[in-house]
1. Residues T129, T151, T106: which one is over 24 Å from M202 (Cα atoms) and surrounded by 12 or more Cβ atoms within 10 Å (Cβ to Cβ)?
2. Can you tell me which residue is nearest to G123 (Cα to Cα) among those in the stretch 12-65 that are touching a residue at least 60 places away in the same chain (Cβ under 8 Å) and small (G, A, S)?
3. Looking at the structure I just gave you, is E160 at pLDDT 95 or above and charged (D, E, K, R)?
4. What residue, among those in the stretch 58-83 that are within 21 Å of R110 (Cα to Cα) and among the hydroxyl-bearing types (S, T, Y), is surrounded by the fewest Cβ atoms within 10 Å (Cβ to Cβ)?
5. Among S141, S167, which is surrounded by fewer than 18 Cβ atoms within 10 Å (Cβ to Cβ) and closer than 27 Å to F32 by Cα?
6. In the stretch 1-14, how many are at pLDDT below 95 and either polar (S, T, N, Q) or closer than 27 Å to L168 by Cβ (or both)?
7. Please go through the stretch 69-97 and give me each residue that is within 19 Å of E184 (Cα to Cα) and free of Cβ contacts under 8 Å to residues at least 60 places away in the same chain, ordered by number.
8. Can you name every residue in the stretch 15-38 that is crowded, with 17+ Cβ neighbours inside 10 Å and basic (K, R)?
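The values are calculated or read from the model by the stated rules, or taken from the named source; none is laboratory data. Everything numeric in this text was worked out from a predicted model, so none of it was measured. As a convention, Cβ positions derive from the backbone with ideal geometry for all residues, glycine included, and neighbour counts pool all protein chains shown.
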Amino acid sequence: MMKSADLPDVIPVFPLPGALLLPRARLPLHLFEPRYLAMLDDTLKTSHRLIGMIQPYDQPDGTSKLNTIGCAGRLTQFSETEDGRYMITLTGISRYRVKRELDGFTPYRRCEVDWAGFERDLGPVDSDTELDRARFFDLLSRYFNERQLDTDWDTLKEAEDELLINSLSMLLRFEPEDKQALLEAPSLSTRRETLVTLLEYMLRGGNGKEIMQ
């Protein structure tokens with residue numbers, strides 16, 4: 001487990017709309033653009049092997065800005081395909097706050113970041129003491145039925161609170177701003193409350209063209 005002292009002041013960032021990484025969760029990614037292959041090569045040379053996932057958003061002038069808060073993941077698995085692409089897995093370590101984006105000679109974006117305020121991300125697995133599982137799974141069942149989705153319900157029901165809530169937050173397809181709200185939730189309980197609100201909204205006819213990533 002990484003400690004606060006191991007976290008660097010500057011990390012490469014991967015702006016990817018709709019992609020959500022949370023502490024202690026795993027996010028598979030497919031890298032093929034030259035700039036991100038360069039990012040991967042440089043990350044492998046570091047001791048921390050951290051890449052910061054972050055949500056971008058478009059400005060009225062057409063430029064892309066970064067949200068203030070993202071989540072850094074440690075590169076824990078990678079493999080190369082025959083045509084030179086990479087399949088990687090990031091394991092979430094901690095959220096961070098962007099202090100400033102750095103200019104430089106790398107083809108990918110880098111940021112100076114602050115880890116303060118997210119110390120709990122480096123701690124043990126969290127739990128949601130207020131989670132009403134029967135009510136939650138009733139809502140989830142109605143949502144999956146409405147969207148004609150299938151899942152392994154036995155495995156889902158056996159999952160610990162954090163794995164259950166974070167996996168659904170990452171896998172269900174919501175708008176980027178909704179993903180950002182799930183990321184910024186200060187506790188597992190508030191993330192579950194946000195997730196429930198989003199599911200209820202979708203069941204009431206919210207825009208949900210494509211649900212699973």
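1. T106
2. A25
3. Taking the combined requirement at face value, the residue satisfies it.
4. Within the stretch 58-83, the match that is surrounded by the fewest Cβ atoms within 10 Å (Cβ to Cβ) is T63.
5. Answer to the check: S167.
6. Residues in the stretch 1-14 being at pLDDT below 95 and either polar (S, T, N, Q) or closer than 27 Å to L168 by Cβ (or both): 3 in total.
7. G73, R97
8. Hit for the stretch 15-38 is R24, nothing else.
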